[in-house]
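J.: This is the structure, below, for whatever I ask next.
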Amino acid sequence: MAAALSKKLCWASYILYLYFIYHPAEAAVKRYQFDIQVKNVSRLCHAKPIVTVNGRFPGPTVYVREGDRVLVNVTNHARYNMSIHWHGLKQFRNGWADGPAYITQCPIKTGHSYTYDFNVTGQRGTLWWHAHILWLRATVYGAIVIMPKPGTPFPFPQPHREEIIIFGEWWNNDVEDIEKQGNKLGLPPNASDAHTINGKPGPLFPCSEKHTFTLEVEQAKTYLLRIINAALNDELFFAIAGHNMTVVEIDAVYTKPFTTQTILIAPGQTTNVLVQATQTPNRYFMAARPFMDAPLSIDNKTATAILQYKGIPNTVLPLLPQLPEPNDTAFARSYNAKLRSLNSPQFQANVPLIVDRHLFYTIGLGINPCPTCLNGTKLTASLNNITFVMPQIGLLQAHYFNIKGVFRLDFPDNPPTPFNYTGAPLTANLGTTLGTRVSKIAYNSTVQLVLQDTNLLTVESHPFHLHGYNFFVVGTGIGNFDPKRDPAKFNLVDPPERNTVGVPTGGWTAIRFRADNPGVWFMHCHLELHTGWGLKTAFVVENGKLPDQSIFPPPKDLPPC
């Protein structure tokens, strides 16, 4: 009898064991409260009220694990309307949680709340969140850290410690007033007064000795830096004096590791690097300053933080790193060429090899009439000569509820008039067409999009972000894209997989993705200046035929318009 019972218990234990092996514990639910609050903050000898989350600048880090469900209740106590975008999270079938105002939701009005409810599926690494309305992401931003599933190690040596490094920009005056003034004049607003590292400009700026981020390290230990560029308008170089960095991840996708003294990171992008504290114990500056290889004025000042070995007194003067020249195109091109997907059996690069839909979008600046502006005209921006006009209702609602007259599905696959895109500067006939026009994409079709910079007024680098998807950067080049010759040079084996990509100054970038996420997905330049000028559009990805290939219904607390 006892033997039989023992045998039954053994079988029960074994069945239980198999159950837990094949049915791991249900995903955790992570809850966060984001209170949008105005707080007085002082930088560069200037104090001003800024919009914050929970009174913090930068805002709190969202820590989750792959497979988790996340609930973030956002309550707006500020005088501005608010929306939060979870940058790089794919939001499968769940555009309602994506966040861009008037694209997937109407904004959260003052005194109201909205709970962003989403799952983290098939992603791990560093992403970030930010306000997605007006220029409020100047101060409303923070990191998202997605840890791998339990028992899944990093595909690189386990670091001793991790640190988040977020780049930003600081204006001494109210950023919304600055943007309004620029729009009123029809000209670019004033450049920022400083760049920041974790909200602090560093000791090279006035009144900033106390506003300096310091990372203390121990000899012979390895550190993982999760680096995010939250700046509004600047691509940035970053280096640490005396130390190399090993790039291991971009935009929450593992890469083939490579070692570099400097990284280049565009607004919207993230980069994880390993740093080994193997130098002579000392204090070393970490420094960030812009990359700009077009003839445009920018905030060219260097933000600094300090990497300090344990036991070294604060009185020791830090050493400065050598950063590339601000217009070092050759470095930018060689750095980006080193980025490759890991493409291991566990982390595959599933590059679409056959393309169903070919898109070719030109990126241009323009000039449109503006009787109230300074010169009677205003600067604008366009894709395929269309300046996007924001609707008064969320595009996703209009699509889901079939509300007519909000947008048109006739965004052209190619520019209306081909020309020598990167030849001599074109300064005449720079008017653009205004409209809320988007592209319709068939569910599960494969898309190749070539983004082509143009010399309308001037050439310039543009970081483009696609919501709802990662994409593969299969090719890039300087000059005009040649559809006959250039595709032969595409990398279809291990191209970098990203959610934000820089289109080079006077050049082109080709991306591919599979449209397997139904909904309305914003695509725009991540330079806030150009987004405001209309350098944006959206894709309406149709539902599939199966029940799990359709957009989820909207949540009950979706903000009304």
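J.: Looking for whichever is at pLDDT 95 or above, among the hydrophobic types (A, V, I, L, M, F, W, C) and open to solvent by 30 Å² or more (accessible area, probe 1.4 Å) here; the options are 492, 529, 535. Which one fits?
T.: Just a single option satisfies the conditions, and that option is 492.
J.: Looking only at the stretch 424-460, which residues are touching a helix residue (DSSP H, G or I) at 6+ places or on another chain (Cβ under 8 Å) and open to solvent by less than 20 Å² (accessible area, probe 1.4 Å)?
T.: Across the stretch 424-460, the qualifying residue is only 438.
J.: When you scan the stretch 87-100, do you find a residue that is at pLDDT 95 or above, over 25 Å from residue 549 (Cβ atoms) and either open to solvent by less than 10 Å² (accessible area, probe 1.4 Å) or under 20 Å from the mean Cα position of the chain (by Cα) (or both), even just one?
T.: Within the stretch 87-100, none of the residues are at pLDDT 95 or above, over 25 Å from residue 549 (Cβ atoms) and either open to solvent by less than 10 Å² (accessible area, probe 1.4 Å) or under 20 Å from the mean Cα position of the chain (by Cα) (or both).
J.: Okay, moving on. What number of residues within the stretch 155-171 satisfy the criterion of being touching a residue at least 60 places away in the same chain (Cβ under 8 Å) and open to solvent by less than 30 Å² (accessible area, probe 1.4 Å)?
T.: Number satisfying all stated conditions: 9.
J.: Here is a further query. Can you tell me which residues in the stretch 181-205 are more than 14 Å from residue 302 (Cβ to Cβ) and either modelled with pLDDT of 95 or more or more than 24 Å from the chain's Cα centre (by Cα) (or both)?
T.: Matches in the stretch 181-205: 181, 182, 183, 184, 185, 186, 187, 198, 199.
J.: Moving on to the next point. Test residue 168 against the criterion of being over 26 Å from residue 52 (Cβ atoms) and not charged (D, E, K, R), and give yes or no.
T.: Taking the combined requirement at face value, the residue does not satisfy it.
The values are calculated or read from the model by the stated rules, or taken from the named source; none is laboratory data. This is a predicted model, so every value here is computed, not measured. Reconstructed Cβ throughout: ideal geometry from the backbone, glycine too, with neighbour counts over all protein chains shown. We work out accessible area using only protein heavy atoms, side chains counted, and drop any ligands, DNA or RNA first. Shrake-Rupley method; radii C 1.70, N 1.55, O 1.52, S 1.80 Å.
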